[in-house]
Amino acid sequence: MDEFDIVVIGAGVAGLSAAATAARRGARVAVVEKLGAGGQIMTVERIENFPGAVEPVAGFELGPAMQEQAEQAGAEFLLDAVEEVLLDGPARVLRCSQGEITARALIVAAGSSRRALGVPGEERLEGRGVSHCASCDGPLHRGKTVAVIGGGDSAFDEALILATHAGQVLLIHRGESFRAAKPTVEKVSALENVRICLNSTVEEIIGDNVVQGLLVRDRITGASRRESVDGVFVYVGLEPNTDFLKGKLDLAEDGRVLTDRFMQTSLPGVFAAGDIRHASVALLAEAAGDGATAAIAALNYLSEGFEKARAVE
Ligand code: NAP
């Protein structure tokens, strides 16, 4: 059993920022991550709103760079999956598939996963035309027709990428106004090879071995029609990765972790950072800030005790 001052769950922007901040101040820090550095941004080709990114930066470059920075500061990375957290005793114990890790403080930065549409054909055709990564799978659909589902920033950002590969992009949205940033909506709407279908829901993804089409219902007329597409990119929101925290920490109704402004959760010595946190605006700048705040709060907790850290508030 290895023992650390602080253990961070998740190597997305929030977790990596927390690890670098705490390690630079001399704490012995471990980051446990089941996939690779970067989290959600690993599939993002162009990040334009990270502070200092005058030129768009690729998520698959930013993630590893942040990991390198945290490692240079002394943080240790463990490629492992957290199966259970034990938070009752004085130590925070993580049961992982390869063993146990203990620490005196825990920062949960496990992020979110893409929400599924929940229609017939989606699960069966995942990886066979159903995708959540425009940069990875867009080039496979060169000159063909693909659909993007959703009306948020992810759908519009990824539609911009797909429009550079596909012959035509259908953007299918259930409502008639978008959550995505207005300038991006205008940019996408102006593209000749993008067709936007409003008030439309996808009822089925059709195909035997690969995606061949969609059954789309017009919510105003009630009529259903078939659209021929070779790929479907689903961006209908995010679900927090908090299943392993249920019953252990106070969660909000949306499943996200409740924290105060120091990222302190309902349990002393346990902090949450990034879009797993309730009321997060899910921007990368915020994730980095959350991570740094959680790290400082965890260090205060370790050096001064929980009561004193709270007293600052
Ligand atoms: P989101 O903002 O939650 O948008 C999800 C979209 O999917 C909404 O348009 C929603 O429709 C639709 N939707 C939800 N469930 C659906 C269903 N079952 N069937 C059909 N449509 C459904 O998700 P996101 O775009 O992934 O963004 C998540 C967060 O990350 C946001 O806070 C966003 O601002 C942030 N983000 C920022 C950037 C950036 O700054 N460039 C990029 C990506 C993400 P309704 O509108 O009708 O509810």
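The values are calculated or read from the model by the stated rules, or taken from the named source; none is laboratory data. Quick caveat: nothing in here was measured; it's all calculated off a predicted structure. In this analysis, Cβ positions are derived from the backbone assuming ideal geometry, glycine residues included, and neighbour counts consider all displayed protein chains. SASA here: full protein model, heavy atoms, side chains in, ligands and nucleic acids out. Shrake-Rupley method; radii C 1.70, N 1.55, O 1.52, S 1.80 Å.
Here's the yes/no breakdown for (1) assigned by TED's automatic domain parsing to the domain that holds residue 31; (2) more than 18 Å from the chain's Cα centre (by Cα); (3) closer than 13 Å to residue 234 by Cα; (4) open to solvent by less than 20 Å² (accessible area, probe 1.4 Å):
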{"site": "122", "(1), (2), (3), (4)": "no, yes, yes, yes"}
{"site": "125", "(1), (2), (3), (4)": "no, yes, yes, yes"}
{"site": "131", "(1), (2), (3), (4)": "no, no, yes, yes"}
{"site": "134", "(1), (2), (3), (4)": "no, no, yes, yes"}
{"site": "137", "(1), (2), (3), (4)": "no, yes, yes, no"}
{"site": "144", "(1), (2), (3), (4)": "no, yes, no, no"}
{"site": "151", "(1), (2), (3), (4)": "no, no, yes, yes"}
Condition check for residue 200: more than 24 Å from the chain's Cα centre (by Cα), under 28 Å from residue 223 (Cβ atoms), more than 10 Å from the ligand (Cβ to nearest atom) and hydroxyl-bearing (Ser, Thr, Tyr): no
Does the stretch 147-160 include one or more residues that are more than 16 Å from the ligand (Cβ to nearest atom), touching a residue at least 24 places away in the same chain (Cβ under 8 Å) and among the polar types (S, T, N, Q)? no
Inspect the stretch 224-243 for any residue being assigned by TED's automatic domain parsing to the domain that holds residue 131, assigned to a strand (DSSP E or B), closer than 15 Å to residue 129 by Cα and over 23 Å from the mean Cα position of the chain (by Cα) and give the result as yes or no. yes
Are there any pairs with C-beta distances below 8 angstrom linking a residue in the stretch 179-203 that is assigned by TED's automatic domain parsing to the domain that holds residue 152 and without any contact (Cβ under 8 Å) to a residue 24 or more places away in the chain to a residue that is surrounded by 14 or more Cβ atoms within 10 Å (Cβ to Cβ) and outside any helix (DSSP H, G or I), with the two at least 6 apart or on different chains, and if so which? 189/196
If you go through the stretch 92-112 one residue at a time, do you hit one that is more than 16 Å from the ligand (Cβ to nearest atom), surrounded by fewer than 18 Cβ atoms within 10 Å (Cβ to Cβ) and assigned to a loop (DSSP other than H, G, I, E, B)? yes
Of those in the stretch 34-57 that are open to solvent by less than 30 Å² (accessible area, probe 1.4 Å) and part of a strand (DSSP E or B), the residue nearest to residue 104 (Cα to Cα) is 38
